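**Student:** I'd like to ask you about the structure that follows.
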Amino acid sequence: MGKNEKVAVISTGMTEFGDLYEYEITGIANLAIYEALNNLHIKKEEIESLYVGNMGSHLFEGQENLGNLIATYAGLTCPAFKIQAAGASGAVALRNAVKGIQSGSKELVMVLGVEKMTEATKQHEAQLALASGLDTNWETRMGATLASLFAIMARAHMREYGTTREQIANVVVKNHYNASLNPKAQYKNRVRVESVLRSKLLSDPLRLFDACALSDGAASVVLASEEVAYSYDSDPVFIYQIKQGFAPIALHQRESLTEFSGTKFAAEKAYRDMGITAADISLAEVHDIFSIAEIIAIESLGLVEKGKGGFATENGDTALDGSIPINTSGGLKGRGAPLGATGVAQIIELFDQIKGNAGDRQIKDIKYALAHSMGGTGGTSVVSILGR
Amino acid sequence: MGVARSWRTQKSRYRLTGSKCTKCGALYFPINIVCIKCTSLDLEEFQFSGKAKLIEWTRVDEAAKGFEHLVPYYFGIVELEEGVRISTQIVDVVDENILQPGLQLQMTFRKLGEGTEEGIINYGLKAEPVDW
Ligand SMILES: [Zn+2]
C-alpha cells in the first residue's frame, strides 16, 4: 500500500452489546448508523456505500438481503450489501470498504457490523448457527462443536508449550476486568480464575466461562479518503493496513493446531508493507471467541514469543498496564460478541484509544494499534493496523 | 441435512473412500473431483485402509444437536496411515489415559448421531483404539 492509500476512520457509532430485546435488527443497526452520522453531522446522502458485516441473519432470523433491508430502514439509498465470513464478517466488510476508498471510486462510506443472536432462545439453535461457520459435513456432522475444536487447540498448546489451564483462565479474568472499565461492555462483572475453572465443562479442558455468550449489537464506522477526512478532522485516525489471511476451513486440514497461519500471514504482510515490526504495536484487540484463541492469536501476530502466550498473560504482560495490552475493551468475552459486529467494535476501541477517549482503560503513548478478527476456528483472519 | 446431501457423501462417509490423483498421486478425503495440488481432473477412487493414529483429542460434554445422547464422547483429529487427516469421534475408550498422540486407531462403522429433522439416521466412521 502506497503512502496515500491510508483510509481515515472519521466517525463511529456503537450500541450496547447484550440482550437488546426491544429492537429489531434494523433498529439495532439504526442506533449505530445514526450515532456515527450525527456525531459529525454527516448527511446520510453523503454515504456512497454501505458494507454490512453479519454472520447469521438467515439462521437467527430467517432474514437475508440484509444490506437492502438495513439501508431501507435507515433511509440510505446508496448501494448496500451484506458480507458474510462467520466471526470475521465485520472485519471483511471493513476491508472491502477500505478497498473501495483506495480504488478512488469512493470518498465516504459506512461499515456496519450487526448481529441479533439472543432471539435464538434454544441453546441448540445458537450452537447450530455458530457451528455453521465450520465444515458442516466433515466437522459438525462428525460430532464437532466450536468448543470442541478450540479445546483440541488448547490441549495441543498445553502439550506442546506447557501452557497451564490457569494461564488460559487468566485471559478471561483480564478481559472481564477490562470490560468492567468499559461503559459499553456487556459483562462488567470481574471474575476469578477459580470461577472459570468451576464453570460448566463444555469440551475438556474448556468451560462455559472460556466461551463468549450470545449477544445483540451493532457497531459502525464512517471511512473517508485522506483528502476528505481533513475536512472533518484535523488529526484523523488512519487505517494504515488491512490484510486478510487464509487457512483451510477445517482444523484437521491445517498443518498446525497451535498457530493461526492465516493470522500470521496477514500480520507479517501488514508489518512488512508498512515497514514496521510487531514491536511497534502498542495495543491490540484480538478475536478471543474462546480464551485459548487469544493466546494463540497474540503468538501468531508476533506480539509475544511463540508458546509464551499463556505465560505472558499470567505475568500481566497483556494487562492494561502490561507491555502489550490486549483487548482493552474487554474483548469478545467481556465487551460482548454479537459476531458480525465484533470486527467493527474492535476498530472503535482502537479509535477511542488513539483519540485518548478510552477513559479508565486509556493506554498512553500509542504508536500503532492492531485489530485481529477471525472466522470459524481461524480459516479467515483479518489484521488491521491503525494510527494517527 | 437432506437425503441428497447424505447420498452424495455416503461413499466417503460409510466406506472411507477418497480420491487419488492419477497424475501426481495426491490423496484426498473426502472424494474430490479436482487435484488441488496439480489441477488435474483425472482422479480415481481410492480406498483408505482405516488404520490411523491419534493427533489430538477432547472429551465433549456439551454436544452438538443430534449427539446429545452420546455425551460425554471423545472427539479428535486423527491421521490416516496414508497421511490424510480427518475429524472423528473416538469410541471404546475404556481409560482416558490411553488417549495420547500417536495412539494406534482403526476406523470402524458406527451410528454417528441421532439423525435430523428429515429422519435420516447418520451412520459413519468412528475411530477405536487398536490395543491398550
Ligand atoms: Zn495431482
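**Student:** Take the alpha carbon atoms of the stretch A:363-377, find their center, do the same for the stretch B:1-51, and report the distance between the two centers in whole angstrom.
**Tutor:** The stretch A:363-377 and the stretch B:1-51 have Cα centres spaced 40 Å from each other.
**Student:** Still on this model: At a 10 Å Cβ-Cβ cut-off, how would you order A:Phe246, A:Phe265, A:Phe17, fewest neighbours first?
**Tutor:** Result, fewest neighbours first: A:Phe246, A:Phe265, A:Phe17.
**Student:** Right, another one. Restricting to Cα pairs below 8 Å that are 6+ residues apart, what does the relative contact order work out to for the stretch A:14-146? Please round to a whole percent.
**Tutor:** 28
**Student:** Something else now. What is the stretch B:3-129's relative contact order, in percent, from Cα pairs under 8 angstrom and six or more apart in sequence?
**Tutor:** 21
**Student:** For a test of the definition: using alpha carbon positions, the gyration tensor, and the 1.5 limit on a/c, classify the stretch B:3-129 as rounded, prolate or oblate.
**Tutor:** oblate
**Student:** Taking H as built 1.01 Å from N, whose amide H comes closer than 5 Å to the amide H of A:Val237, not counting residues under 5 places away?
**Tutor:** Close amide H contacts, sequence-distant or interchain: A:Val9.
**Student:** A further question follows. Counting Lys and Arg as +1 and Asp and Glu as -1, what is the net charge of the other residues whose Cβ lies under 15 Å from the Cβ of A:Ala270?
**Tutor:** Result for the local shell: +3.
**Student:** Mind jotting down the three principal axis lengths of chain A based on Cα atoms? Whole angstrom, largest first.
**Tutor:** Dimensions of chain A along the principal axes of its Cα atoms: 54, 45, 38 Å.
**Student:** Additional query: What does the charge count near A:Leu66 come to, summing +1 for each Lys or Arg and -1 for each Asp or Glu among other residues with Cβ under 13 Å from its Cβ?
**Tutor:** -2
**Student:** Give the aspartates and glutamates reachable from B:Lys126 as a straight Cα distance under 12 Å; neighbours fewer than 8 places away on the same chain don't count.
**Tutor:** B:Asp92
**Student:** Let me confirm one metric for peptide B:72-79, namely the mean number of other chain beta-carbon atoms within 10 Å of its residues' beta-carbons.
**Tutor:** Neighbouring Cβ atoms belonging to other protein chains average 5 per residue here.
**Student:** If you count, for every residue in A:147-153, the Cβ atoms of partner chains within 10 Å of its Cβ, what is the mean?
**Tutor:** 6
**Student:** Let me ask another. Averaged over B:82-89, how many beta carbons belonging to a partner chain fall within 10 Å of each residue's beta carbon?
**Tutor:** 5
**Student:** For A:Leu303, what residues show an amide H to amide H distance below 5 Å, using hydrogens built from the backbone and excluding near sequence neighbours?
**Tutor:** none
**Student:** In degrees between 0 and 90, to the nearest 10, how far off the longest principal axis of chain A does helix A:261-274 point, with axes built from Cα atoms?
**Tutor:** On a 0 to 90 degree scale, this one is about 50.
**Student:** Around A:Ile249, what is the net charge, scoring Lys/Arg as +1 and Asp/Glu as -1 over all other residues with Cβ under 13 Å from its Cβ?
**Tutor:** Result for the local shell: -1.
**Student:** Right, something else. Give, rounded to the nearest 20 debye, the magnitude of the charge dipole that chain A has about its Cα centre when Lys and Arg contribute +1 at Cβ and Asp and Glu contribute -1 at Cβ.
**Tutor:** The dipole magnitude comes to about 580 debye.
**Student:** Given a 10 angstrom Cα cut-off, can you work out which residue in B:Ser19, B:Ser87, B:Ser40 is the most mobile in a GNM of chain B?
**Tutor:** For chain B, modelled as a Gaussian network with Cα springs under 10 Å, the answer is B:Ser40.
Rule-based calculations on the coordinates, nothing more; no lab input. Model, not experiment: these values are computed from the prediction. No Cβ is skipped: glycine too gets one built from the backbone with ideal geometry, and neighbour counts run over all protein chains shown.
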